[in-house]
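The values are calculated or read from the model by the stated rules, or taken from the named source; none is laboratory data. Predicted model, so just to flag it, every value in this text is computed and none were measured. Because the Cβ atoms are built from the backbone with ideal geometry, glycine has one as well, and the counts that use them run over all protein chains shown. Areas reflect the complete protein model, heavy atoms only, side chains present, ligands, DNA and RNA absent. Shrake-Rupley method; radii C 1.70, N 1.55, O 1.52, S 1.80 Å.
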Amino acid sequence: MRRRSGKKDHGGLGTRSVWAGEKGKRWEGATQIPVVLSVAFGYDDVNQWLDVAQGKAPGHIYSRNTNPTVAAFEEKVRNLEMAEAATSFSSGMAAISNTLFALLSPGDRVVSVKDTYGGTNKLFIEILPRFGIEAALCDTTNHQAIEGVIGQGCKVVYLESPTNPTIKVVDLGRLASVAHRHGALVVVDNTFATPINQQPLSLGADLVIHSATKFLGGHADALGGVVCGAADLVDRIYHFREITGACLDPMAAYLLLRGMKTLQLRIQRQNESALKIARFLESHRAVVRVFYPGLKSHEHYAIARRQMRGFGGVLSFAIKGGFDSVKSFLPRLRHAHLAANLGAVETVAGPPATTSHVESSKGERAAAGIPEALIRYSVGVEDVEDLIADLSQALDKVRLTNLRSARA
Ligand SMILES: *Cc1c(COP(=O)(O)O)cnc(C)c1O
């Protein structure tokens with residue numbers, strides 16, 4: 001676990017993306033953080049060993065608990081989220097499940113929304129109830145209804161914004177203040193926004209979670225998760241994770257750290273490109289609907305403008321012709337991986353049925369308001385003109401195919 005060192009968090013988000021967590025002693029003056037693969041850390045003096053083990057002196061004992069490379073990653077995220085403390089995990093789902101299990105006990109109630117990440121939704125509907133924890137899942141965009149359910153009492157309010165795959169926006173400040181009035185803790189999954197676009201702690205959240213696998217790492221080559229917030233809460237979660245053993249691997253921590261140096265650059269580029277692409281798609285005849293909070297047509301454009309600095313790199317859109325169109329459209333994209341990932345430097349596209357909602361049935365997807373012909377499109381850092389030309393050529397062929405089959 002990393003706690004604030006007492007030094008100021010210097011500079012803007014771009015400077016901190018590069019420098020936070022990077023200071024400190026280095027082997028032979030190396031300028032880069034070393035990948036420390038040592039499982040244990042040795043001491044010649046037993047008193048010194050005891051001091052470190054009891055938390056009276058800084059240092060490391062065993063890498064399931066803390067590790068120098070992992071600590072540098074935690075410090076970078078902690079700094080960017082402007083949190084008191086941070087602790088990391090082997091994946092985003094490890095961060096989410098360990099946090100919920102550390103905070104909740106049998107008989108407790110958690111309030112959340114229907115549009116959380118697929119794995120999180122499974123925790124709410126299948127796993128937590130087995131331990132006597134009730135999850136009340138509300139309609140994501142009905143803030144009044146969510147407030148009513150929070151008012152019936154709960155231990156934790158768990159939110160995500162923007163959501164996956166229909167990119168809904170939740171008013172975090174409004175729901176955090178209602179939750180606090182009723183004595184509940186507020187946890188926010190900030191994976192889609194990243195601290196560059198949105199800092200939930202400044203809007204009233206108690207804890208912020210990331211799947212670092214996505215935008216934080218940004219290169220689709222390492223899994224990881226992280227939780228940031230007040231030191232007493234993060235401490236509880238860290239001690240739970242020490243025992244469950246869902247710790248981040250030092251090699252993955254290094255890859256995530258390296259990726260994060262360009263976080264602000266990447267997010268700025270992805271924000272700009274996604275908005276241009278969303279506007280292009282909105283004007284295309286083969287597109288039925290575009291979901292992107294930077295569009296004035298978005299239901300919660302005003303909330304997004306208030307709580308976000310940028311609208312993010314993920315959008316989704318429904319095309320004409322149902323799932324058959326999706327199957328012929330996707331393979332025609334030249335500048336996109338067809339894969340179940342997002343937040344990478346490469347553009348990634350896919351339908352909810354094989355990505356965010358692979359665990360859900362067709363009926364469950366329909367109930368969640370996900371159109372069958374939806375495509376989730378995570379914008380990479382390619383030239384936006386190339387991405388628009390690519391989408392354009394693939395959409396034109398869908399239209400031709402549809403016209404031909406309509407005539408036949
Ligand atoms: C991917 C994702 C997760 C899960 O993260 P993993 O690192 O794959 O375990 C959680 N929340 C959101 C919003 C995600 O996109």
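Find out how many positive minus negative residues lie around Ser177, taking Lys and Arg as positive, Asp and Glu as negative, among other residues whose Cβ is under 11 Å from that of Ser177. Residues close to Ser177 contribute a combined charge of 0. Sequence-ordered 3J(HN,Hα) estimates for segment 188-195 from the Karplus curve with 6.51, -1.76 and 1.60 and θ = phi - 60° stand at 10, 7, 9, 4, 6, 8, 6, x Hz, glycine and proline given as x.
From most to least packed by mean Cβ count within 10 Å, the peptides 139-146, 186-193 give 186-193, 139-146. When the chain is treated as a Gaussian network with alpha carbon springs shorter than 10 Å, the biggest mean-square fluctuation among Leu50, Leu100, Leu123 belongs to Leu50. Which shape class, rounded, prolate or oblate, goes with segment 259-328 when its Cα gyration tensor gives a ≥ b ≥ c as root eigenvalues, a/c under 1.5 marks rounded, and past that a/b bigger than b/c marks prolate? It comes out oblate by the Cα gyration axes.
Of the chymotrypsin sites (Phe, Trp or Tyr not before Pro) in segment 105-164, the ones in a loop by DSSP (not H, G, I, E or B) with at most 14 other beta carbons within 10 Å are Phe131. Counting only alpha carbon atoms, the long axis of helix 263-282 and the longest principal axis of the chain meet at about 20°.
Checking the Cα-Cα distances for Lys23/Lys76; Lys214/Lys276; Lys114/Lys362; Lys25/Lys76; Lys327/Lys362 against a 18 Å cut-off, the pairs over it are Lys214/Lys276.
Taking Cα atoms only, the orientation of helix 250-260 departs from the longest principal axis of the chain by about 60 degrees. The helix-only estimate of mean residue ellipticity at 222 nm for the chain, built from DSSP H runs of length n ≥ 4 each weighted as -39500 (n - 2.57), is -11500 deg cm²/dmol after division by the residue total. When the alpha-carbon atoms of segment 140-259 are used, the pair Rg, Dmax equals 15.4, 45 angstrom. Annotation: the antiparallel percentage among DSSP beta bridges lying fully within segment 2-260 is about 45.
When each of the peptides 343-351, 205-213 is scored by the mean number of other C-beta atoms lying within 10 Å of its residues, the order from highest to lowest reads 205-213, 343-351.
May I ask for the angle, rounded to the nearest 10°, between helix 92-103 and the longest principal axis of the chain, with both axes built from Cα atoms and the value confined to 0 to 90°? The angle comes out near 60 degrees.
Translational diffusion of the chain was estimated from the Stokes-Einstein equation, with Rh taken as the Kirkwood radius over Cα pairs; at 20 °C and 1.002 mPa s the coefficient is 97 µm²/s. Taking a sphere under 11 Å around the Cβ of Val314 and counting the other residues whose Cβ falls inside, with K and R at +1 and D and E at -1, yields a net charge of +2. Note on segment 192-314: with neighbouring protein chains present and a 1.4 Å probe, carbon and sulfur make up 53 percent of its accessible heavy-atom surface. The order of the peptides 76-88, 328-340 by mean Cβ neighbours within 10 Å, most packed first, is 76-88, 328-340. Dividing the mean sequence gap of close Cα pairs (under 8 Å, 6+ apart) by how many residues the chain holds gives a relative contact order of 16 percent. Both radii are taken from the alpha-carbon atoms of segment 263-407; with Rh as the Kirkwood radius, Rg/Rh is 0.96. A Gaussian network model of the chain, with springs between Cα atoms under 10 Å, assigns the largest mean-square fluctuation among Lys114, Lys320, Lys362 to Lys362. Can you give me the C-alpha center-to-center distance between segment 152-198 and segment 311-376, rounded to a whole angstrom? Result: 24 Å between the Cα centres. Highest mobility in the GNM of the chain, judged by mean-square fluctuation with C-alpha springs under 10 Å and restricted to Tyr301, Tyr238, Tyr43, is found for Tyr43.
In terms of overall dimensions, the C-alpha atoms belonging to segment 30-181 reach 60, 36, 28 Å along their principal axes, ordered largest to smallest. Note on Glu134 and Ile61: with the Förster distance fixed at 41 Å, the Cβ-Cβ geometry gives a FRET efficiency of about 0.60.
Residues in the chain average 43 Å² of solvent-accessible surface per residue, probe 1.4 Å, ligands and nucleic acids excluded.
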